[in-house]
Amino acid sequence: MLNKNLQKQSGASNKKDFRSDTVTQPTQAMREAMYRAEVGDDVIGEDPSVNALQEYSAELLGKEAALFVPSGTMGNQCAILSQTNSGNEVLLAERCHIIQHEAGAAALLSRVQLRTLSANSTHLQAKDLRTRIRDKNIKDVHYPQTGLICVEQATADGTVVPIEELAAIQAIAKTQSVPIHMDGARLFNAAVALNKEPRELSVFANTVSFCLSKGLCAPVGSVLAGTKAIIDRARGFRKILGGGMRQAGFLAAAGMVALKEIRPNLKADHDKATLLAERLREIPGAVIPFAPQINMVFLSLENYNISGHDIMNALRDKHIYIYPDEDGVLRFVTHHYISEEGIHLLVDALRPLLEANLKA
Ligand SMILES: *Cc1c(COP(=O)(O)O)cnc(C)c1O
């Protein structure tokens, strides 16, 4: 048995932490699975826990093979490296993670031209793709070739891409034989929101990545899935990027618990987001731009004379944690460690702050 101290650590510090689902700490079951994990040298393919996670993930997504990688960013970059040639054009939405939050990695590593579309949408739209995808039959020395299309599901903005949109994007991609990578950092949240199996979403892409370390509570890691040929290439790039980790089975073991024990309960996180949105709407002047689709709630500060920074600081004094606003909008993320009580504490702390600063 693990001692009491260790038990207390699981999640003790993130109960009122609404900054992100990345703050989730490993559960007690994960800590025990890590303690007991059978491991080996994964760089030569001998870690049984990593192999089990990869096989389980491939099965879950209906793909031939999967690869455990240290981060979602590395999963996305391995996908781009494995499916493009340098100088190719990659089509993706302007607000996506690969554009906004991966530090220009694709330019540095894959030497591709990232062409951003659908600037006014949270996700890539087929109608924008239709006119931008390059015709492979036109041989003009001026034109780059479209090498890859990237979609996000769910989006980092907390929205879910409709199935019809994914199908339309795939149909266009097929006309030019261009592969699709799905950045599914929160793929399982999207599946819950759409009431679909994960493989009913991954079928719209050649490669799919998902994060174990967000709402799934695992400490580290992401998985990239696809055909055996592409995953073999990706494994080579993972090594080049320094992502070959020896006895990584300790991490994979936690990831397996994440998939088997936390994944089936993600709906609860969405329900908490819905409850939070309902409670926030009770506050005079509160504007919730859209009803929560996954585990994220947004609150516009347009009707208040208080900055997101000041709200963040005031809440911190009550040991409630949020990030400052982005363009006047606060984001709250619910997860495994947020309780109903935590939600009420947040709203009860926010309400007087906002009411006192309501614009006339
Ligand atoms: C979190 C996230 C990633 C990966 O982030 P890492 O911090 O590198 O693990 C990728 N895409 C989206 C949409 C994300 O939200």
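The values are calculated or read from the model by the stated rules, or taken from the named source; none is laboratory data. Just so it is clear, the model here is predicted, and its values are computed rather than measured. Cβ atoms come from the backbone with ideal geometry, glycine included; neighbour counts cover every protein chain shown. The protein model used for the area step is the full one, side chains on, heavy atoms only, and it has no ligands, DNA or RNA in it. Shrake-Rupley method; radii C 1.70, N 1.55, O 1.52, S 1.80 Å.
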(Q) Residues to consider are I283, I262; find the one that is over 19 Å from the mean Cα position of the chain (by Cα) and touching a residue at least 12 places away in the same chain (Cβ under 8 Å). (A) I283
Q.
Quick check on region 304-318. Is at least one of its residues β-branched (V, I, T), out of contact with any Lys or Arg (no Cβ under 8 Å at 6 or more places or on another chain), touching a residue at least 24 places away in the same chain (Cβ under 8 Å) and not in a helix (DSSP H, G or I)?
A. yes
Q) Can we say T227 is over 24 Å from A33 (Cβ atoms), open to solvent by 10 Å² or more (accessible area, probe 1.4 Å) and in contact with a Lys or Arg (Cβ under 9 Å, 6 or more places away or on another chain)? A) yes
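Quick grid of which residues meet (1) in contact with a Leu (Cβ under 8 Å, 6 or more places away or on another chain); (2) within 13 Å of R279 (Cβ to Cβ); (3) among the polar types (S, T, N, Q):
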{"position": "N303", "(1), (2), (3)": "yes, no, yes"}
{"position": "I306", "(1), (2), (3)": "yes, no, no"}
{"position": "I311", "(1), (2), (3)": "yes, no, no"}
{"position": "V329", "(1), (2), (3)": "yes, no, no"}
{"position": "V333", "(1), (2), (3)": "no, no, no"}
{"position": "Y337", "(1), (2), (3)": "no, no, no"}
{"position": "G342", "(1), (2), (3)": "no, yes, no"}
{"position": "R351", "(1), (2), (3)": "no, yes, no"}
{"position": "K359", "(1), (2), (3)": "no, no, no"}
(Q) List the residue pairs whose Cβ atoms are under 7 Å apart, where the first residue sits in region 60-74 and is closer than 18 Å to T22 by Cβ, the second is assigned to a helix (DSSP H, G or I) and near the ligand (Cβ under 8 Å from one of its atoms), and the two are 6 or more positions apart or on different chains. (A) V69/G75
Q) Restricting region 240-257 to residues that are part of a helix (DSSP H, G or I) and of a type outside the set (A, V, I, L, M), which is surrounded by the most Cβ atoms within 10 Å (Cβ to Cβ)? A) G255
Q) From the residues in region 38-48 that are open to solvent by 20 Å² or more (accessible area, probe 1.4 Å) and either touching an Asp or Glu at 6+ places or on another chain (Cβ under 9 Å) or within 16 Å of the ligand (Cβ to nearest atom) (or both), which one is farthest from E261 (Cα to Cα)? A) D41
(Q) Please pick out the residue among V203, V297, V208 that is β-branched (V, I, T) and open to solvent by 30 Å² or more (accessible area, probe 1.4 Å). (A) V203
